[in-house]
Amino acid sequence: MDVRRRVTEARVARLATADGSGEPHLVPIVFALDGDAIHTCVDDKPKSTRRLRRLADIAANPRVSVLVDHYSDDWSQLWWIRIDGIATVHAADTDAGATGLDALVRKYPQYQSKRPPGPVITIARLRWRSWSA
């Protein structure tokens, strides 16, 4: 299984964070794999607040997981890839934030017409685990 190709081509993943006490939080994300880092950001899709729990969780506990998976009723086609790493949060107007946003803009046409405001989450020190049927 070519895990990097599958992750690069995936359009959505799930980001798992945990707060300082270990309380888990899981959200779907759009993301871009860029070299040895994964980027995602806070964009303009509707949210109840811009003070997102995932940002507070990362401030308290930067260890995160990203899950990319594929389901099919043909169970011989099932697979998942989990990537664990260390997350940092960057303002969109920093070099690190701009790098992440550039990667996201290259992947998602929706961001080409309206660049996301950020902040940007960058996940590094990636550890990969995978399974396929």
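The values are calculated or read from the model by the stated rules, or taken from the named source; none is laboratory data. Since the structure is predicted, the reported quantities are computational estimates derived from the model, not experimental observations. Heads up, the Cβs are rebuilt from the backbone with ideal geometry, glycines too, and the neighbour counts pull from every protein chain shown. These area figures cover heavy atoms from the full protein model, side chains too; ligands, DNA and RNA do not enter into them. Shrake-Rupley method; radii C 1.70, N 1.55, O 1.52, S 1.80 Å.
For the range 47-54, the criterion of a residue being among the hydrophobic types (A, V, I, L, M, F, W, C), without any contact (Cβ under 8 Å) to a residue 40 or more places away in the chain and more than 15 Å from residue 8 (Cα to Cα) is satisfied by at least one position. May I ask you to verify whether residue 67 is surrounded by 13 or more Cβ atoms within 10 Å (Cβ to Cβ), in contact with a strand residue (DSSP E or B) (Cβ under 8 Å, 6 or more places away or on another chain), of a type outside the set (Lys, Arg) and within 20 Å of residue 8 (Cβ to Cβ)? Criteria met by residue 67. Is it fair to say residue 92 is in a strand (DSSP E or B) and either hydrophobic (A, V, I, L, M, F, W, C) or within 21 Å of residue 36 (Cβ to Cβ) (or both)? No. Among the residues of the range 71-129, those that are buried (at least 17 other Cβ atoms within 10 Å of the Cβ), of a type outside the set (A, V, I, L, M, F, W, C) and under 16 Å from residue 8 (Cα atoms) comprise 82, 100, 107, 122.
Scanning the range 43-60 finds no residues that are closer than 17 Å to residue 4 by Cβ and surrounded by 20 or more Cβ atoms within 10 Å (Cβ to Cβ).
For the condition touching a helix residue (DSSP H, G or I) at 6+ places or on another chain (Cβ under 8 Å), closer than 19 Å to residue 36 by Cα and hydroxyl-bearing (Ser, Thr, Tyr), residue 130 qualifies. If only residues of the range 19-32 that are open to solvent by 20 Å² or more (accessible area, probe 1.4 Å) and either in contact (Cβ under 8 Å) with a residue 40 or more places away in the chain or assigned to a loop (DSSP other than H, G, I, E, B) (or both) are counted, the one that is farthest from residue 111 (Cα to Cα) is 21.
The set of residues in the range 104-127 that are over 12 Å from the mean Cα position of the chain (by Cα) and in a helix (DSSP H, G or I) comprises 105, 106, 107, 109, 110, 111, 112, 113.
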